[in-house]
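These notes are about the structure you will find just below.
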Amino acid sequence: MAFIAFIFGMAGTASAGGIAFAVRRRRDKRDAASNGALVPALSAALWAAVVAWIAYLLYAVGWLPGATVLQARNYAWAAGMVTFIAGALTMFWTGKRKMER
């Protein structure tokens, strides 16, 4: 069951990273000053992946609230949800516009 949870965790991480990349890339393409730079979008995707895997590790060792209950009930999909939500939360700080004046 742990391998299936790992696969769900990988899927959640890939989804969160892909969405963070797409959102940041779309926003930067609209901003004429950035010329659609690729580095900020890659940075957003990497931040999403790092935070998602930290959340997965906390979930796997049972340090997240309710993690042991979900693991005891064999809800492997919960690992994917934890990683997706944690990775998606990074868009709040990687998506901020810089105020330069």
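Since every read-out is calculated from the coordinates, none of them should be taken as a lab result. In this text the structure is predicted, and so the values were computed from the model without any measurement. Note: ideal-geometry Cβ built from the backbone for every residue, glycine included; neighbour counts use all protein chains shown.
If the condition is being more than 10 Å from the chain's Cα centre (by Cα) and either crowded, with 18+ Cβ neighbours inside 10 Å or under 11 Å from Met91 (Cα atoms) (or both), then the stretch 44-59 contributes Tyr56, Tyr59.
Looking only at the stretch 1-33, which residues are surrounded by 15 or more Cβ atoms within 10 Å (Cβ to Cβ), over 9 Å from the mean Cα position of the chain (by Cα) and small (Gly, Ala, Ser)? Steps first, please.
To start, the set of residues in the stretch 1-33 that are surrounded by 15 or more Cβ atoms within 10 Å (Cβ to Cβ) comprises 5-6, 8-17, 19-21, 23-25, 27-28.
Now restrict to residues that are over 9 Å from the mean Cα position of the chain (by Cα): 5-6, 8-11, 21, 23-25, 27-28.
Answer for the stretch 1-33, where residues must be surrounded by 15 or more Cβ atoms within 10 Å (Cβ to Cβ), over 9 Å from the mean Cα position of the chain (by Cα) and small (Gly, Ala, Ser): Ala5, Gly9, Ala11.
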